[in-house]
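K.L.:
Provided herewith is a single structure, encoded as structure tokens, for subsequent inquiry.
The values are calculated or read from the model by the stated rules, or taken from the named source; none is laboratory data. The model shown is predicted, which means the values in this text are computed figures rather than measured ones. A quick note on method: Cβ atoms are made from the backbone with ideal geometry, for glycine too, and the neighbour counts reach across all protein chains shown.
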Amino acid sequence: MAIHQISVFVQNKPGKLVGIIEELANKGINIRASSIADTAEFGIFRLITNDFDKTREILSENNVTNVTKVIAAKMEDKPGALYRVVDILSEAGINIEYMYAFTASETFGAYVVFRVDDVDAAQKLLDEKGISTLNDEDILDM
Amino acid sequence: MGNYFQPEIETASREEILSIQNEKIVKQVKHAYENVKYYRDLMDEKGVKPEDIKGVDDIKKLPFLSKADLREAYPYGLLGTDLKNCVRIQSTSGTTGKRVVAFYTQHDIDLWEECCARAIVAVGGSNEDVVQVCYGYGLFTGGAGIHGGSHKVGSLTLPMSSGNTERQIQFMMDLGSTILCCTPSYAAYIGETLAERGYKPEDNKLKAGIFGAEPWTEEMRRSIEQSLGIKAYDIYGLTEISGPGVAFECEAQNGMHINEDHFYVEVIDPETGEVLPEGSKGELVFTSLDKEAFPLIRYRTRDICVLSREKCSCGRTHVKMTKPMGRSDDMMIIRGVNVFPSQIETVLLNEGYTPNYQIVVDRVNNSDTLDIYVELAPDQFSDIVSVTQKREKKLESAMRTMLGIGPRIHLVPPKTITRSEGKAVRVIDNRKLHD
């Protein structure tokens with residue numbers, strides 16, 4: 001299943017990121033999760049929102065964007081929860097490019113987003129091991 | 001009155017020089033017509049025969065050559081002799097991918113080196129001097145030309161090539177260099193580094209410097225003279241015509257004497273190609289007068305200059321040219337290397353980028369910087385940092401290969417490059433190069 005993540009190329013300059021976020025706010029987009037990878041020159045702003053189609057439409061107008069599928073795996077609230085998931089992926093030779101965590105509400109729980117080199121294999125593997133993951137419908141209205 | 005390397009020719013009367021030129025031009029045009037098919041075709045097209053050229057006054061009947069012709073004829077199309085007679089090539093950048101390749105016979109090398117020797121003697125050089133050559137060695141003509149000239153003078157030659165400033169300074173101080181030859185920006189950099197190391201201008205043995213291959217101002221001259229405790233002289237040349245030493249500055253420091261016994265000079269209107277009266281500002285056009293391997297007739301330099309025949313206090317009689325006051329094309333000289341925006345465009349298109357770019361040239365700490373801003377296309381963007389950075393590095397390396405100098409690449413979002421009246425501003429040169 002996996003979920004859609006939208007990435008935006010942002011210049012590493014004051015005012016650039018805020019402009020993007022403002023646009024999403026004005027258009028009623030709810031940001032579920034986000035992370036920024038920064039270099040001296042530019043940043044890559046990655047987003048999971050309640051409506052990826054609309055988000056892409058809004059952001060693509062003035063920005064370079066990229067859509068990728070990522071895995072959002074539920075983390076149990078106990079030591080070793082992240083280790084268990086990463087270990088499953090690692091054992092299967094799946095490479096993690098980056099990851100970040102998010103939570104939506106007290107009842108929703110904690111999730112870690114994985115960007116991997118083989119998203120389909122990762123999804124299948126986690127399903128088999130009984131790790132709960134999100135799909136696009138899950139994040140429409142939480 | 002100063003010293004001359006070849007006093008009889010350097011101080012020859014105007015009549016003598018003209019008579020030498022008249023004699024040589026007839027032979028040179030005949031040589032080009034008979035041996036260079038490319039130029040023969042151009043002459044035939046214009047309906048000019050070698051017999052029509054009886055002296056330099058007839059030169060205006062002949063067709064021009066430009067950098068575009070050199071690209072067209074690459075590599076052997078303008079060669080005027082058998083390769084077995086050639087002993088050297090030198091090369092410079094062309095307007096797009098192809099480089100300009102110039103060929104030399106031993107005769108051509110000798111006349112080029114003699115011109116450089118004249119330049120060295122004009123700044124006070126002799127066999128008692130230690131000449132430190134920190135122009136680049138290799139395909140670039142800077143190192144090779146001055147090196148050969150220094151040998152002809154009999155000076156002790158230090159073939160340093162460019163870079164490694166620590167070693168430059170060590171040799172300069174330990175071996176007592178008296179004449180420094182490099183780009184003016186590198187001279188300024190050496191001066192600053194010496195000061196940082198606690199050396200005063202009088203601590204070195206330098207007396208003069210011959211600085212060329214890039215534009216520089218009178219202000220920069222004064223600053224170099226102060227920081228190194230020397231007299232700083234300009235030198236002019238281009239690979240197509242031979243290399244440095246086509247013209248050089250004398251003790252008067254107010255213009256460069258063109259070696260008129262080897263190169264015939266005209267100033268033209270860059271728009272119409274019409275020859276302008278002496279003293280007018282226009283584009284310099286050179287005709288080689290006695291080259292064997294690479295005879296170029298009416299080669300358009302794109303450098304904008306003024307010529308002067310005012311009597312020079314040094315006693316030399318050859319015409320003087322001002323420092324180039326600009327270009328009639330979009331060529332930039334960055335760290336002594338010729339760079340055309342079209343080359344940058346070629347690389348961008350080859351690498352799959354849009355031709356939306358901006359070049360920013362600046363001079364920081366006396367060294368030129370080249371920044372290229374490139375608009376990123378959606379299919380070149382990855383959410384993974386290392387992938388996007390790798391792409392940036394790949395473009396940088398392709399640029400380095402094409403240009404011969406390494407730029408800094410900045411990927412920017414689309415539509416972020418400044419446009420004025422809808423047209424992108426391609427080049428921003430923040431250096432102050434002309435007075």
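K.L.:
Counting only residues that are of a type in the set (Lys, Arg) and within 21 Å of residue B:149 (Cα to Cα), give me the strands (runs of 3 or more DSSP E) lying completely in segment B:234-275 with at least 1 of them. Step through it out loud before you land on a result.
P.N.:
On the way: elements: B:244-249, B:256-258, B:263-268.
Because the criterion is at least 1 residues that are of a type in the set (Lys, Arg) and within 21 Å of residue B:149 (Cα to Cα), no strands (runs of 3 or more DSSP E) in segment B:234-275 meet it.
K.L.:
Right, here's the next one. Residues of segment B:341-359 being under 13 Å from residue B:417 (Cα atoms) and either within 14 Å of chain A (Cβ to nearest Cβ) or touching a Lys or Arg at 6+ places or on another chain (Cβ under 9 Å) (or both), which ones?
P.N.:
Let us first name the residues in segment B:341-359 that are under 13 Å from residue B:417 (Cα atoms), namely B:354-359.
Within segment B:341-359, B:354, B:356, B:357, B:358, B:359 qualify.
Rundown of residues vs (1) surrounded by fewer than 23 Cβ atoms within 10 Å (Cβ to Cβ); (2) more than 17 Å from the chain's Cα centre (by Cα); (3) without any contact (Cβ under 8 Å) to a residue 60 or more places away in the chain, yes/no style:
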| residue | (1), (2), (3) |
| --- | --- |
| B:254 | yes, yes, no |
| B:284 | no, no, yes |
| B:288 | no, no, no |
| B:294 | no, no, no |
| B:304 | yes, no, yes |
| B:313 | yes, yes, no |
| B:318 | no, yes, no |
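K.L.:
Out of A:92, A:104, which single residue is within 15 Å of the chain's Cα centre (by Cα) and not assigned by TED's automatic domain parsing to the domain that holds residue A:22? Can you show your working first?
P.N.:
On the way: A:92 fails: within 15 Å of the chain's Cα centre (by Cα).
Going through A:92, A:104 in turn, just one is within 15 Å of the chain's Cα centre (by Cα) and not assigned by TED's automatic domain parsing to the domain that holds residue A:22: A:104.
K.L.:
Also, quick follow-up: Could you grab me the full set of residues in segment B:376-398 that are within 9 Å of chain A (Cβ to nearest Cβ) and not acidic (Asp, Glu)?
P.N.:
B:376, B:377, B:378, B:380, B:381, B:382, B:384, B:385, B:386, B:387, B:388, B:389
K.L.:
Take segment A:55-65 and flag every residue that is polar (S, T, N, Q) and more than 12 Å from chain B (Cβ to nearest Cβ).
P.N.:
Taking segment A:55-65 and keeping what is polar (S, T, N, Q), we get A:55, A:60, A:62-63, A:65.
Of everything in segment A:55-65, just one residue is polar (S, T, N, Q) and more than 12 Å from chain B (Cβ to nearest Cβ), namely A:55.
K.L.:
Let me ask something additional. What strands (runs of 3 or more DSSP E) completely inside segment B:93-210 contain at least 2 residues that are aromatic (Phe, Trp, Tyr)? Break it down stepwise before answering.
P.N.:
Values: elements: B:100-105, B:130-133, B:156-159, B:179-182.
Strands (runs of 3 or more DSSP E) meeting the threshold: B:100-105.
K.L.:
Quick one: how many residues across segment B:51-64 are surrounded by fewer than 17 Cβ atoms within 10 Å (Cβ to Cβ) and free of Cβ contacts under 8 Å to residues at least 40 places away in the same chain?
P.N.:
Summing the residues that are surrounded by fewer than 17 Cβ atoms within 10 Å (Cβ to Cβ) and free of Cβ contacts under 8 Å to residues at least 40 places away in the same chain in segment B:51-64 gives 7.
Conditions tested, residue by residue: (1) in a loop (DSSP other than H, G, I, E, B); (2) assigned by TED's automatic domain parsing to the domain that holds residue B:262.
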{"position": "B:307", "(1), (2)": "no, yes"}
{"position": "B:314", "(1), (2)": "yes, yes"}
{"position": "B:323", "(1), (2)": "yes, yes"}
{"position": "B:346", "(1), (2)": "no, no"}
{"position": "B:355", "(1), (2)": "yes, no"}
{"position": "B:359", "(1), (2)": "no, no"}
{"position": "B:368", "(1), (2)": "no, no"}
{"position": "B:372", "(1), (2)": "no, no"}
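K.L.:
Something else now. Given the structure, is residue B:328 among the polar types (S, T, N, Q) and without any contact (Cβ under 8 Å) to a residue 60 or more places away in the chain? I'd like the intermediate steps shown before the answer.
P.N.:
Numbers: among the polar types (S, T, N, Q): yes; without any contact (Cβ under 8 Å) to a residue 60 or more places away in the chain: yes.
Yes: the conditions hold for residue B:328.
K.L.:
Now a separate question. Sort out which residues of segment A:12-38 are farther than 14 Å from residue A:55 by Cα, within 14 Å of chain B (Cβ to nearest Cβ), hydrophobic (A, V, I, L, M, F, W, C) and without any contact (Cβ under 8 Å) to a residue 60 or more places away in the chain, and write them in order of number.
P.N.:
Scanning segment A:12-38 gives A:17, A:36.
K.L.:
I've got another one for you. Pick from A:52, A:42, A:9, A:102: which is over 18 Å from residue A:126 (Cα atoms), more than 14 Å from chain B (Cβ to nearest Cβ) and either of a type in the set (Gly, Ala, Ser) or surrounded by 14 or more Cβ atoms within 10 Å (Cβ to Cβ) (or both)? I'd like the intermediate steps shown before the answer.
P.N.:
Values: A:52 fails: more than 14 Å from chain B (Cβ to nearest Cβ); A:42 fails: more than 14 Å from chain B (Cβ to nearest Cβ); A:9 fails: more than 14 Å from chain B (Cβ to nearest Cβ).
Only one candidate passes the filter, namely A:102.
K.L.:
If you go through segment B:69-87 one residue at a time, do you hit one that is modelled with pLDDT under 95 and in contact with a Ser or Thr (Cβ under 7 Å, 6 or more places away or on another chain)?
P.N.:
The answer is yes, given that some residue of segment B:69-87 is modelled with pLDDT under 95 and in contact with a Ser or Thr (Cβ under 7 Å, 6 or more places away or on another chain).
K.L.:
Restricting attention to segment B:410-426, does a residue exist that is in contact with a strand residue (DSSP E or B) (Cβ under 6 Å, 6 or more places away or on another chain), part of a loop (DSSP other than H, G, I, E, B), of a type in the set (D, E, K, R) and not assigned by TED's automatic domain parsing to the domain that holds residue B:239?
P.N.:
From segment B:410-426, those in contact with a strand residue (DSSP E or B) (Cβ under 6 Å, 6 or more places away or on another chain) are B:410-414, B:417; that's our starting set.
Now narrow it down to the ones that are part of a loop (DSSP other than H, G, I, E, B): B:413-414, B:417.
Then drop every residue that is not of a type in the set (D, E, K, R), which leaves none.
No; the residues of segment B:410-426 include none that is in contact with a strand residue (DSSP E or B) (Cβ under 6 Å, 6 or more places away or on another chain), part of a loop (DSSP other than H, G, I, E, B), of a type in the set (D, E, K, R) and not assigned by TED's automatic domain parsing to the domain that holds residue B:239.
K.L.:
Just the residues that are in a helix (DSSP H, G or I) and not assigned by TED's automatic domain parsing to the domain that holds residue A:120, please, taken from segment A:57-89. Full working, then the answer.
P.N.:
Of all residues in segment A:57-89, those in a helix (DSSP H, G or I) come to A:57-60, A:81-89.
Those that are in a helix (DSSP H, G or I) and not assigned by TED's automatic domain parsing to the domain that holds residue A:120: A:57, A:58, A:59, A:60.
This table checks each residue for (1) over 20 Å from the mean Cα position of the chain (by Cα); (2) farther than 30 Å from residue B:400 by Cβ; (3) not small (Gly, Ala, Ser).
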position	(1), (2), (3)
B:79	yes, no, yes
B:89	no, no, yes
B:101	no, no, yes
B:113	no, yes, yes
B:122	no, yes, no
B:126	yes, yes, no
B:130	yes, yes, yes
B:134	no, no, yes
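K.L.:
Hey, any hits in segment B:377-397 for a residue that's in a strand (DSSP E or B) and among the aromatic types (Phe, Trp, Tyr)? Explain how you work it out, then say what you get.
P.N.:
Within segment B:377-397, the first condition is being in a strand (DSSP E or B), and the residues that meet it are none.
No, because not a single residue in segment B:377-397 is in a strand (DSSP E or B) and among the aromatic types (Phe, Trp, Tyr).
K.L.:
Related question: In segment B:369-398, how many are under 30 Å from residue B:192 (Cα atoms) and modelled with pLDDT under 90?
P.N.:
Final tally of qualifying residues: 0.
K.L.:
Just checking, how many residues over segment A:89-99 are of a type in the set (Asp, Glu) and surrounded by 10 or more Cβ atoms within 10 Å (Cβ to Cβ)? Walk me through it before giving the result.
P.N.:
Keep residues of segment A:89-99 that are of a type in the set (Asp, Glu), which gives A:91, A:97.
Retained after the next criterion (residues that are surrounded by 10 or more Cβ atoms within 10 Å (Cβ to Cβ)): A:97.
Qualifying residue count, segment A:89-99: 1.
K.L.:
Here's a follow-up. Find all pairs meeting these conditions: Cβ atoms under 9 angstrom apart; at least six residues apart or on different chains; first residue within segment B:14-39 and closer than 23 Å to residue B:309 by Cβ; second residue outside any helix (DSSP H, G or I) and among the polar types (S, T, N, Q).
P.N.:
Here the result reads B:14/B:317; B:16/B:317; B:17/B:317; B:25/B:287; B:28/B:287; B:28/B:288, each pair linking segment B:14-39 to a residue that is outside any helix (DSSP H, G or I) and among the polar types (S, T, N, Q).
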